[in-house]
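**Student:** This is the structure, below, for whatever I ask next.
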Amino acid sequence: MRLSITYLLATSLVTPATAFAPGTTFARTSAAKISPLFSSVVDEPKMARPSTKVPVFDEVCDTCGVTLTRFMSEVAMLNPDLTELTTLFGAIDTACKAISNLVKRSQLPSSSTLGYEGNVNVQGEDQKKLDVITNDLLKRALRFTGKLGVLASEEEDAPVDVIGNDDGTSSEILFEDGDRYVAVFDPLDGSSNVDAGCPTGTIIGIYEHDENCEIDEDCVGDECTEMEARCLANTLQPGTNLVAAAYCLYSSTCFFTLTLGNGVYMFALDEQIGEFVLCKPDVKVPESSSIMSFNEANLDKWDEPLKEVVTNWRKGTGKSGTKFSSRYIGAMVGDVHRTLLYGGVFGYPGDTKNPNGKLRLLYEGAPMSFIMEQAGGLSTTGKQRVMEIVPEIVHQRVPMMMGSKNDIQEIIDAYAAAEA
């Protein structure tokens, strides 16, 4: 499966906030203050975005049938500081519709989009043709918002200036003045399944860029490169700094699910009108369930606490006393989508072969954990809240379990007991 990451540096509007819900202003999370364990079940996880409060919504945002475009316009009207997100989500909306069409048509002999591209990305993974196509599609969609400043991809050895020449010869990195957003995404999660027609998806996370990122216009050579590297390093933020997160699921229906830090909203693509329409406002994951979604072929290689919990669930001797059943698609977006609706636990834990699992923190784990927590669930490595981990590198992997809070809490308690 080919994954990519794009940094979107968007000039944000400097407009005073006039319509925020009352509440506490959250401070930026420090890497030195990460709590190792959940001490208790968290009903409403707090976000640590700098100088930002939870956005206010009105009845329009909870009305089934409202389009994504209308939804974002209403959010922008109520929360002027989020106006720039309307442009970004407009581009993402269009890109997801185009990718959905590509995925649907991929099985036709005339499409020529199945199979491998013949190249290997920078992580050593074979590229699927659709990986390359969807990555380019998203890059173009975001570029032509007029907000895109710099791009970093798994297919690039170094970030490149995407507003340079169309022939790709420009390699200058451009940082514009002002505040910025940073968008990270996996354009086609589960692409290894696409040849079989199984569900795939796109994952997006949007951060606020560090306001301390400045490039001296008079810098020369290596001095500029060092400044640029520091700016890119500033994008390695924990999930608690996310402004928004979304995924698009390409399956029997094309779903677009997003959170702006005030609940989870699920849209379905109405192909008759060509719009995503709200079908499930304020989604809440059931607190307990009897479904688990793991690759259980690796169970004997897992940590003992997790192995014990899953074994008990199989037997019906866990805390709930309910015997669990298994549902595993093998694509994160599909498995998390089902978990949001039906409850349960999805996970890709570490094992003796892959101690850190296979899921990437920055553009898979953090955005999907944000969505899960905003729906009332939890997400953990077993020892640490996923949202609080500060990435050290762009493609860092972490073990991950997320889902119904009571079931995830059982895993957290098992790890805590093992370390006591």
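The values are calculated or read from the model by the stated rules, or taken from the named source; none is laboratory data. It should be emphasised that the depicted structure is a prediction, and the values quoted were computed from it without experimental measurement. Quick reminder, even Gly has a Cβ in these numbers, built from the backbone with ideal geometry, and neighbours come from all protein chains shown. Quick note on the areas: whole protein, heavy atoms, side chains included, nothing else; ligands and nucleic acids left out. Shrake-Rupley method; radii C 1.70, N 1.55, O 1.52, S 1.80 Å.
**Student:** Please list, ordered by chain and number, the residues whose modelled amide H lies under 5 Å from the amide H of Ile389; skip anything fewer than 5 residues away on the same chain.
**Tutor:** Gly239
**Student:** Still on this model: For q values of 0.14, 0.29 Å⁻¹, compute log₁₀ I(q)/I(0) with the Debye formula on a Cα-only model of the stretch 358-420, without solvent.
**Tutor:** -0.37, -1.20
**Student:** If r is the Cβ-Cβ distance from Lys323 to Asn298 and R0 is 22 Å, what FRET efficiency results, to the nearest 0.05?
**Tutor:** It comes to 0.55.
**Student:** At a probe size of 1.4 Å, how large is the accessible area of Arg143, to the nearest 10 Å²?
**Tutor:** 50
**Student:** Under a 1.4 angstrom probe, counting protein chains only, how are His395, His337 ranked by accessible area, largest first?
**Tutor:** Result, largest first: His395, His337.
**Student:** Now for a different question. Collect residues whose amide H, placed 1.01 Å from N in the peptide plane, falls under 5 Å from the amide H of Cys254; neighbours closer than 5 in sequence don't count.
**Tutor:** Leu269
**Student:** Something else: Given the pairs Lys280/Lys358; Lys319/Lys405; Lys97/Lys284; Lys53/Lys358, which span a C-alpha to C-alpha distance of over 22 angstrom in this model?
**Tutor:** Long pairs (Cα-Cα over 22 Å): Lys280/Lys358; Lys97/Lys284; Lys53/Lys358.
**Student:** Just for the Cα atoms in the stretch 286-341, what are the lengths along the principal axes, largest first, rounded to whole Å?
**Tutor:** The principal-axis extents, from largest down, are 27, 25, 14 Å.
**Student:** Sticking with this one: For the stretch 395-400, take each phi angle, set θ = phi - 60°, evaluate the Karplus expression 6.51 cos²θ - 1.76 cosθ + 1.60, and give the result in whole Hz per residue in order, putting x for glycine and proline.
**Tutor:** 9, 4, 9, 9, x, 7
**Student:** A follow-up question, please. Full-extension gain between Ala98 and Asp136, please, as 0.36 nm times their residue separation minus the C-alpha to C-alpha distance.
**Tutor:** Difference between extended and current length: 12.5 nm.
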